[in-house]
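The structure appears below as structure tokens.
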Amino acid sequence: MAANTNTNNEVEEQQNTNSTMNTEEMISQEYSTNTTETKSSQPITKETIISQETISGNIIAPNGDNQHVIINHNYYYNRNYYNDIIHGANQIAEQGDTDNKRDNKIEGDTAKSLKEDLAFEQRQQIAFTDTTLEDQISTMPSTEDEIATWFYELDDYEQHYVFTTAILHGAPAHIISKQAEILYKELKQYEITSYYITSSQAPAEAFSILPKQHRHSISHLRTHTHTLMRQSNGVACIYWLDTDNFGLSQFNTRVITFLSREFINKGDYGDFFFRKAKDWSKHRDAEYDYWLAAKSLGAILHIKNVQQLKAQAYEFAKQSSTVGYRRAASLLAGAYENEQYRQLTGNHNGSVLTIIDKWTSKIYEEQYNETKVQVNIDLGRTIAYAYSFIGRETPEIALKKTNELLSGLPIVDINCTKTLSSACVSTYISLVWSGHLRKVLHSLADVAEKSIDQWSATNNLKAREYERQQREWCIKNVNDAFFLTLAATTHSNGDIASPESYTQQIPTERIQIVELNCNIFISAIFHDDPIKNILTRLFQYAIVTAHVDDALSFLRNWAETVIRMHAEESDPQAELIYHSYTSFLIHLGRDIQKRESKWKQPGKHSSAISNMYRRHLTQWQKEGQIRNAALNQMASTVLQQISGH
């Protein structure tokens, strides 16, 4: 890497000097000066330290082609950058459907892409805090025979209301009622038209026998259809009684499976319902999300015809638009959910993951061919979005597949790579919002460790250079996902929470972010929760890959939160929180030193990374001397402990 200079000769001279610098000097210089990108033609060897430019920064291998790597992206966004993305996504989500803004184009602006992707993920998130009605849930039909008996005891309008709710589950109440009413009238007209064709009755007389508008009370309709109205993002929406606090309903899967099997054997009558579900999935209405219908259509096609499912998914994906990608993703996710249900009931055909894996292989097979970039990104974004849907119920599969997608990003066109990266990162945040914080953090830590420590032994220089670029992008995206997770899960009241709010243990399974009334990560550190160890790993990986400014900006904010509680509250709890956080910073510094010791070159001692960590703490110390004695004390304690270790 080269320092900023005023002439080309100075740049060239600096570059030549850097080729002989040791690792500590290079990182130290990067930390203390502004940098500019310069190209290096230095060959890759096993004897020299490498300074090689890549798409978004420099890679520095401390020991030639050693399997360990320090990656510097020159991305010093800090905490405010990530908070701004989350805040911007929330603002876009409140505006409703904005997908048209990105149709038919690839975004090169990473922040903008992330905001828009996360806005969509935010809109589809459900976070109820009310309790489910267990006594009423127990009365719902569960087997296929029970569902059949229940469905055919309903009157015509109620059946159409059930069909509409199943296809648009979670849509606003007035949309469900409106579409059920339209469906009811259209079907009656269809029946009368069919009757007229086979009778001598005049058309006017035939249509005069249309029934009057449905007149059942709402309470009667809710009781008979096992539905209820719940507030979602300030809008009254319709859900089945068994819907959990994350918007998931097993009953919806059972009903769609039942209706699909019934309509397959209903001839033209059944085709009418299939066409209706498909029309709704293509409809663009600001009042409800098209992906609801597309998801249900995927479940229907998975039962009816898997080949039609593949063809429809590809038709949506090849539209090269955000809406098309998400329609295809929703379709595949709905099919996957139905597949999981049918596996449980012993009736299974086809494999949705096989379809997705074949699409993924096309991305990797053609990643060097620039003429195929647009097609690859079409499939890649569809796949990433599909995993965000699939992961709501099966996060392990979704995270494993997203990690694989992230690790093999095609590095051909920078804008395409940024856009696909955004889709992958937004998938992780979506799963965090779906309650899978623990699994997401663990997955990010694993993929970061693999990218940093595991290198292939190929002797092909072009392949090795390409792999370096992929690893750099992978590390950058892992860090982005990690820092966005910190920003997305830190409660707005976390900075002013009282010590009492940290007394409650963190849920061991799904964590509902909206219920948090404190900083969950400070709480994890205080309670010695397993999240604490994963946090240590992720902060360590961020710091050793030269994202120290970003990492320390979050740690500094948490330190000030802890110090404020400690100063304002004469509570033993506040004292314990203060000491637990100080201890966390000490152990983080020691872990960085341990990792650094593994990268020592024979006969040399390199402490560049831990020096960067110490310099930030020294800065805390200096600022604390001026305006915050407690911050000075905390930083001094940490520095003393890690320096003497």
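Per-structure values
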quantity	calculated
Number of the exception - Leu379 against (1) modelled with pLDDT of 90 or more; (2) hydrophobic (A, V, I, L, M, F, W, C); (3) more than 17 Å from Ser260 (Cα to Cα)	(1)
Cβ-Cβ under 8 Å pairs, at least 6 apart or on other chains, the range 134-156 side farther than 21 Å from Asp244 by Cα, far side surrounded by 10 or more Cβ atoms within 10 Å (Cβ to Cβ) and hydroxyl-bearing (Ser, Thr, Tyr)	Glu144/Thr257; Leu154/Thr225; Asp156/Tyr184
Filtered residue count, the range 111-146, keeping only those that are assigned to a helix (DSSP H, G or I), surrounded by fewer than 20 Cβ atoms within 10 Å (Cβ to Cβ) and at pLDDT 85 or above	3
Qualifying positions in the range 503-534 - in a helix (DSSP H, G or I) and closer than 15 Å to Ile577 by Cβ	Ile520, Phe521, Ile522, Ser523, Ala524, Ile525, Phe526, Lys532
Count - residues of the range 227-253 that are under 20 Å from Ser142 (Cβ atoms) and assigned to a strand (DSSP E or B)	4
Matching residues in the range 565-578 - criterion: being farther than 12 Å from His527 by Cα and exposed (fewer than 15 other Cβ atoms within 10 Å of the Cβ)	Ala567, Glu568, Ser570, Asp571, Pro572, Glu575
Single match in Met612, Met634 (criterion: among the aliphatic types (A, V, I, L, M), at pLDDT 80 or above and more than 33 Å from the chain's Cα centre (by Cα))	Met634
Options Leu332, Leu301; residue that is in a helix (DSSP H, G or I), open to solvent by 10 Å² or more (accessible area, probe 1.4 Å) and not charged (D, E, K, R)	Leu301
Unmet requirement for Lys188, which otherwise passes all of (1) open to solvent by 40 Å² or more (accessible area, probe 1.4 Å); (2) at pLDDT below 80	(1)
Qualifying residue in the range 473-493 (condition: within 28 Å of Ala546 (Cα to Cα), touching an Asp or Glu at 6+ places or on another chain (Cβ under 6 Å), modelled with pLDDT of 85 or more and assigned to a helix (DSSP H, G or I))	yes
Every residue from the range 237-252 that is within 25 Å of the chain's Cα centre (by Cα) and surrounded by 22 or more Cβ atoms within 10 Å (Cβ to Cβ)	Cys237, Tyr239, Thr243, Asn252
Hits in the range 387-403 - residues which are outside any helix (DSSP H, G or I) and either among the charged types (D, E, K, R) or farther than 16 Å from Ala423 by Cβ (or both)	Arg392, Glu393, Thr394
Only listed residue being surrounded by fewer than 16 Cβ atoms within 10 Å (Cβ to Cβ) and modelled with pLDDT of 75 or more, chosen from Asn100, Asn80	Asn80
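Table: residues versus (1) assigned by the TED database to the domain that holds His547; (2) buried (at least 20 other Cβ atoms within 10 Å of the Cβ); (3) modelled with pLDDT of 90 or more.
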{"site": "Val412", "(1), (2), (3)": "no, no, no"}
{"site": "Asn415", "(1), (2), (3)": "no, no, no"}
{"site": "Ala445", "(1), (2), (3)": "no, yes, yes"}
{"site": "Thr458", "(1), (2), (3)": "no, no, no"}
{"site": "Arg464", "(1), (2), (3)": "no, no, no"}
{"site": "Glu467", "(1), (2), (3)": "no, no, no"}
{"site": "Arg471", "(1), (2), (3)": "no, yes, no"}
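Results for (1) open to solvent by 20 Å² or more (accessible area, probe 1.4 Å); (2) within 25 Å of Arg627 (Cα to Cα); (3) not in a helix (DSSP H, G or I), shown as yes or no for each residue.
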residue	(1), (2), (3)
Asp549	yes, yes, no
Arg556	yes, yes, no
Ala559	no, yes, no
Ile563	no, yes, no
Thr582	no, yes, no
Arg590	yes, no, no
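The values are calculated or read from the model by the stated rules, or taken from the named source; none is laboratory data. Because the structure is predicted, anything quoted here is derived from the model rather than measured. Counting neighbours? That spans all protein chains shown, and the Cβs are built from the backbone with ideal geometry, glycine included. The protein model used for the area step is the full one, side chains on, heavy atoms only, and it has no ligands, DNA or RNA in it. Shrake-Rupley method; radii C 1.70, N 1.55, O 1.52, S 1.80 Å.
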